[in-house]
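**Student:** My structure is below; once you've seen it, I'll send some questions.
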Amino acid sequence: MQMVAPEEVLKNEAVRAYLFRMIGEEGMSLLEKFPPEGEFSDEDLAESTSINLNAVRHTLYTLYGKRLAEYRRIKNSETGWLTYLWVLRLDNIDNCLTEDTEAVLEILQAREEYESMNDFYICPQCGLRYTFDEALNRDFICQNCDQKMDHFDNDLLSEALRRRVDRIKENLGKFD
Amino acid sequence: MTEIEDEAIRLIQSTPEGILQSELWKLLNIDSRKCSRVVKKLIDTDMVDRLEYKSDGIKTYLLKAKKRAIDPGLLMASGELLPCICCEEECSIQDCPYLMDWMYQLAIDEFSEENSEN
């Protein structure tokens with residue numbers, strides 16, 4: 001089993017942001033304080049890190065769902081009690097990021113297409129954006145504010161998104 | 001990358017279970033020797049894995065595209081993570097305000113990168 005020290009993984013700002021989105025502040029705190037070697041029960045972890053037991057459990061199960069943590073179950077032969085001993089598997093972080101990126105790539109591509117295929121108008125008061133057809137149907141008057149719409153130049157937004165989508169696709173080795 | 005290497009990697013990537021080398025040269029319409037050179041290039045550039053495989057008792061290779069790890073920096077714009085990652089909101093691709101904000105950050109990043117290059 002290839003182990004990766006959490007502090008190595010957590011050095012990367014983007015990886016930190018990703019994990020933070022997944023497990024929140026207490027989860028990050030658990031990763032940072034997770035003892036470097038061995039396997040631990042949720043209760044051991046809660047005690048050694050001073051993080052609330054429920055938060056520890058929640059984080060471990062979220063990480064487990066992403067294959068970033070795993071457990072071994074042992075049964076006490078006298079009491080029949082089950083104990084789950086946890087280890088981190090942050091060596092799976094690349095797979096995890098790649099899978100999540102592949103899952104959202106379609107969304108980004110769809111948005112990119114929408115931005116590049118449409119001409120937009122915007123209400124200067126409330127900021128609501130309309131496609132040309134929507135604006136035309138309303139005589140270029142905002143439905144919320146009765147203000148005359150302005151043309152909205154989305155070239156920079158659209159181009160920036162296109163470039164980033166291309167870089168992600170290239171990075172993932174995907175071709176059209 | 002030559003045109004034929006490009007076509008080869010596309011074919012291999014489009015079949016997640018892999019392609020037999022003995023099939024690939026037929027699909028690419030090239031001879032097996034040329035195919036070996038193309039495959040070697042793809043292995044050397046770490047794009048493909050080659051596994052030994054027996055088909056009807058004949059030894060060939062199964063070619064599988066390597067899954068590449070994403071550069072996580074590509075999910076960031078001005079220090080903000082792409083909002084679609086792990087998003088639990090109902091998705092409205094065309095007018096998601098979080099995605100719109102991120103696109104503004106992205107445009108600022110791209111624009112300032114370009115300015116600093118010039």
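**Student:** Through the Karplus equation 6.51 cos²θ - 1.76 cosθ + 1.60, θ set to phi - 60°, convert the phi angles of region B:20-32 into ³J(HN,Hα) values in whole Hz; use x for Gly and Pro.
**Tutor:** Values per residue, Gly and Pro as x: 6, 4, 5, 9, 4, 5, 6, 5, 7, 6, 10, 7, 5 Hz.
**Student:** Trypsin sites (Lys or Arg not before Pro), restricted to region A:24-118: which are DSSP loop and have at most 11 other Cβ atoms within 10 Å?
**Tutor:** Taking region A:24-118 and a limit of 11 other Cβ atoms within 10 Å, no loop trypsin sites (Lys or Arg not before Pro) are found.
**Student:** Along each of its three principal axes, how wide is the spread of alpha-carbon positions in chain B, in whole angstrom units, largest first?
**Tutor:** Reported extents, whole Å, longest axis first: 58, 41, 21.
**Student:** Then there is this: How about region B:1-74: which trypsin sites (Lys or Arg not before Pro) there lie in a loop by DSSP and see at most 16 other Cβ atoms within 10 Å? Each step should come with its number before you reach the end.
**Tutor:** Details: sites: B:ARG10, B:LYS26, B:ARG33, B:LYS34, B:ARG37, B:LYS40, B:LYS41, B:ARG50, B:LYS54, B:LYS59, B:LYS64, B:LYS66, B:LYS67, B:ARG68; in loops: B:LYS66, B:LYS67, B:ARG68.
Sites meeting the loop and neighbour criteria: B:LYS66, B:LYS67, B:ARG68.
**Student:** Could you tell me the ratio Rg/Rh of region A:1-128? Both radii from Cα atoms, Rh via Kirkwood.
**Tutor:** Values: Rg = 20.2 Å, Rh = 17.2 Å.
Here Rg/Rh amounts to 1.18.
**Student:** Based on DSSP H runs of at least 4 residues, each adding -39500 (n - 2.57), what is the mean residue ellipticity at 222 nm of the protein assembly as shown after dividing by all its residues, to the nearest 500 deg cm²/dmol? Show your work: numbers first, answer last.
**Tutor:** On the way: 11 runs with 147 residues, N = 294.
Here the helix-only value at 222 nm equals -16000 deg cm²/dmol.
**Student:** First check a/c for the protein assembly as shown, with a ≥ b ≥ c the square roots of the eigenvalues of its C-alpha gyration tensor; if it is under 1.5, answer rounded, and if not, answer prolate when a/b is larger than b/c or oblate otherwise.
**Tutor:** Working: a/c = 2.43, a/b = 1.12, b/c = 2.17.
Oblate, because a/c is 1.5 or more while a/b does not exceed b/c.
**Student:** Dipole size in debye (nearest 20) for the protein assembly as shown around its Cα centre, Lys and Arg Cβ +1, Asp and Glu Cβ -1?
**Tutor:** Values: 35 positive and 59 negative charges, 327 e Å.
Dipole size: approximately 1580 debye.
**Student:** To continue, here is another question. Considering only C-alpha atoms, what is the centroid distance from region B:35-76 to region A:58-137, in Å?
**Tutor:** Spelled out, the Cα-based centre of one part sits 28 Å from the other.
**Student:** Find how much the distance from A:THR83 to A:ASN144 grows on full extension, using 0.36 nm per residue of separation minus their present alpha carbon separation; answer in nm with one decimal. Don't skip to the answer; put the middle values down first.
**Tutor:** Working: separation 61, 0.36 × 61 = 21.96 nm, distance 5.85 nm.
Using 0.36 nm per residue and subtracting the Cα-Cα distance, I get 16.1 nm.
**Student:** Between A:GLU134 and A:PHE20, take the C-beta separation as r, use R0 = 51 Å, and let me know the FRET efficiency to the nearest 0.05.
**Tutor:** On the way: r = 37 Å, r/R0 = 0.72.
Using R0 = 51 Å, I get an efficiency of 0.90.
**Student:** Nearest 100 Å², what total accessible surface is buried between chain A and chain B (probe 1.4 Å)? Numbers along the way, then the final one.
**Tutor:** Details: alone 12110 and 9250 Å², together 17740 Å².
Summed over both sides, the interface buries about 3600 Å².
**Student:** Right, next: Magnitude of the Cβ-charge dipole of region A:22-116, K/R +1 and D/E -1, about the Cα centre, nearest 20 debye?
**Tutor:** Numbers: 9 positive and 20 negative charges, 99 e Å.
Its charge dipole is roughly 480 debye.
**Student:** Let me ask you something else. State the answer as a single residue: which of A:SER116, A:SER48, A:TRP81 lies farthest towards the positive end of the charge dipole of the protein assembly as shown, with beta carbon charges of +1 for Lys and Arg and -1 for Asp and Glu, about the Cα centre.
**Tutor:** Checked the options; the winner is A:TRP81.
**Student:** Assuming R0 = 45 Å, can you tell me the calculated FRET efficiency for the pair B:ASN115 and A:SER50, based on Cβ-Cβ distance, to the nearest 0.05?
**Tutor:** It comes out at approximately 0.45.
**Student:** Now for a different question. Across peptide A:162-170, how many C-beta atoms of other chains are within 10 Å of each residue C-beta, on average? Before the final figure, lay out each step's value.
**Tutor:** Details: counts 1, 4, 10, 1, 0, 3, 5, 0, 2.
What the average comes to for A:162-170 is 3.
**Student:** Let me ask another. Reachable lysines from B:LYS67, Cα under 21 Å, same-chain residues fewer than 8 places away excluded?
**Tutor:** Within the straight-line limit of under 21 Å, B:LYS67 reaches these lysines: A:LYS66, A:LYS169, A:LYS174, B:LYS40, B:LYS41.
**Student:** Assign one of three labels to region A:81-120, namely rounded, prolate or oblate, based on the Cα gyration tensor with a ≥ b ≥ c the square roots of its eigenvalues; rounded applies when a/c is under 1.5, prolate when it is not and a/b is larger than b/c, and oblate otherwise. Could the numbers behind the result be given before it?
**Tutor:** Working: a/c = 7.03, a/b = 3.70, b/c = 1.90.
It is prolate, given that a/c is not under 1.5 and a/b is the larger ratio.
**Student:** Let me ask something else. Expressed as a fraction of 2.2 N^0.38 Å, the rule-of-thumb size for a compact globular protein of N residues, what is the C-alpha radius of gyration of region B:1-70?
**Tutor:** Details: Rg = 11.3 Å, N = 70, 2.2 N^0.38 = 11.1 Å.
Rg over 2.2 N^0.38 Å, computed on Cα atoms: 1.03.
The values are calculated or read from the model by the stated rules, or taken from the named source; none is laboratory data. Predicted, not measured: the structure shown is a model, and the values here were computed from it. Note: ideal-geometry Cβ built from the backbone for every residue, glycine included; neighbour counts use all protein chains shown. Ligands, DNA and RNA are excluded from the accessible area calculation, which covers all protein heavy atoms including side chains. Shrake-Rupley method; radii C 1.70, N 1.55, O 1.52, S 1.80 Å.
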